[in-house]
1. Could you give the size of the charge dipole of the stretch A:279-330 about its Cα centre, using +1 on the Cβ of each K and R and -1 on the Cβ of each D and E, expressed in debye and rounded to the nearest 20?
2. Of the beta bridges DSSP finds with both residues in the stretch A:17-116, what % are antiparallel, to the nearest 5?
3. Please give the FRET efficiency for B:Leu38 paired with A:Glu139, using the beta carbon to beta carbon distance and R0 = 35 Å, rounded to the nearest 0.05.
4. Under the 0.36 nm per residue contour assumption, what length would be gained going from the current alpha-carbon distance of A:Glu28 and A:Ser103 to full extension?
5. Give me the number: length gained by fully extending A:Asp278 to A:Leu420, i.e. 0.36 nm times residue separation minus the C-alpha to C-alpha distance, one decimal in nm.
6. Can you tell me the FRET efficiency between A:Val309 and B:Arg46 if r is taken as the Cβ-Cβ distance and R0 is 35 Å, rounded to the nearest 0.05?
7. Using the Cα centre as the reference, give the magnitude of the dipole from point charges on the C-beta atoms of the stretch A:237-316 (Lys, Arg: +1; Asp, Glu: -1; all else neutral), rounded to the nearest 20 debye.
8. Between A:Lys430 and B:Glu25, with labels modelled 7 Å along Cα→Cβ, what's the label distance in nm to one decimal, could you check?
Amino acid sequence: MGEPLAAQRVTLPGPFPVGRYAKTLREELRKRARVQLIGEVTGLRRTAKQAYFELRDSEGAVPCTIWADELDRLGLPDGALRDGAEFVAAGGPDYFIGSQASSPAFSFRVTQLRPAGEGDLLARLQALRKQLRAEGLFELQGRLARPLLPKAIGVVTAESGAARRDLVAGLERRGWRGTLVWGFAPVQDRHAAPAIAAAIQDLAARPEVDVIVVTRGGGSLADLWAFCDETLCRTVAMLRVPVISAVGHERDSTLIDDVAAVACSTPTHAADAAVPLDVDAARDSLGRCAATLRRVGAGAVAARTPHLVSLARGPGRALQRERVGLNQKTREIRAASERGIAERLGLQRRVATVVLERALARAVGPDLERRRESLRRAAVALRAHEPERTLERGYALVEGDDGEPLTSAAEARAAGDVKLHFSDGQVGAKVKPPAADAGASEQDSQGS
Amino acid sequence: MSASEREQSTRAEFDSYEAAVERLEQIIDRLDSGQAGLRETLELCREGRDLVTYCAAELDEVGESLKELRLDELAAKLDQGRLTD
């Protein structure tokens, strides 16, 4: 709430006539120090008497005026003073108090005007760089993981620029033929920075985009000034998708290079950075890996096969040895068994004989006595025919030296020496020729 | 585990080409060392073959033909989709 009206009337000076106040204000402003301002020219318009424009940067703007004749005397090249151009304006604040036909207005009265030089821009760039670095904005993108093999790459560049062609050629050389999402934008005028920032944000919002490349060809720092725009650089720094910048040539250094994940000197290098993997080489390498796996997989079994076969034969050999041993033992057992069976059979036979004899004896018991008597008689009859019985009756048995009986005179003569068996003993005798047969036999008595 | 299930498992485990390649290199190093036994060797070869299949599919995705889209056209399609909705 303001102070009561009565209090204001008491404490504030005046009221003054406004025209006089306006003139006083103009004089006060004109006393201020004369300075140089640097900024981008926007809203340029010319009349017969004056030129009007704003000098603007990301933080603010000042309306400027320059007398037409003073502007002409500066001898600027045609088209140099244009919207989007960076200029340095020297002068001081002024105030137009208005007239019957025009409204009052504040302006920066420009007396000197020149395009901003490299030095001017570098000074601004240095200040901005220092500020963003102090805020830690140079490190954020560098912390983002960049895919080795992106599937989709977003690209911000001029639709007709050589950078576009170079980037595609670089990607083709990597063997990369994925998806490119083009975010075409102006890359040099006062509309460039906001358009580039919008394209980057739109690409980052697409889920399939893995990495973003911002690129344009070389030029003066003034040409590349859009890529030093503070708002654009803050946008890039805060992005969650890695940005690769390739703005200008190797000697050019823009602020976007500082905030991007990777800064490259050319679009071709940007292609290498966007696709770190050489796809064709990776395909070859993968083929070698596959071959190694096949070789090792097959070799893993093959290399062990001889040993496995050897191991597999081990039990077979051991079994064979055991089989031979078992066969031998089987034969021995069979032989022993056969012997045992034979022995048992012999025993059984003997037992059976006894049993049979006994059984027979039992079976033939009643006839036994009769058979014995018959046997006895047979023995008597047999005994009557024994030679001893004949000898007892006075006969003698003649035997040769070999013990064979001599049953004829001829055998006796042939034998010469004979033995004469009598019932009570034997004597030796020598057979004489027939002439002396009558009583000339020489006898040698020999006890039996 | 069927081949398709194994592939799905591999895809789940290695959600990026670089992770798959890193694992594949580990496997090749291990196999080259000659220290893996038969069972481990066969397991590694099986896993390696799955990884090779996965990596080959990833390479194929960026190896066929370059596909070019325009952000402004995509935005227009998106707006059109919204209008028709």
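1. Values: 10 positive and 3 negative charges, 70 e Å.
In debye, rounded to 20, the stretch A:279-330 gives about 340.
2. Values: 29 of 31 bridges.
Expressed as a percentage, antiparallel bridges in the stretch A:17-116 total about 95.
3. Numbers: r = 50 Å, r/R0 = 1.42.
After rounding, the FRET efficiency stands at 0.10.
4. Values: separation 75, 0.36 × 75 = 27.00 nm, distance 1.95 nm.
Result: 25.1 nm gained on full extension.
5. Numbers: separation 142, 0.36 × 142 = 51.12 nm, distance 13.99 nm.
Separation in residues times 0.36 nm, less the Cα-Cα distance, equals 37.1 nm.
6. Details: r = 24 Å, r/R0 = 0.70.
The calculated FRET efficiency here is 0.90.
7. On the way: 8 positive and 8 negative charges, 208 e Å.
Result for the stretch A:237-316 is approximately 1000 debye, rounded to the nearest 20.
8. It is 13.6 nm.
Rule-based calculations on the coordinates, nothing more; no lab input. Only a predicted model underlies this, so the values are computations on that prediction, with no experimental measurement involved. Note that each Cβ is placed from the backbone with ideal geometry, even for glycine, and that neighbours are counted across all protein chains shown.
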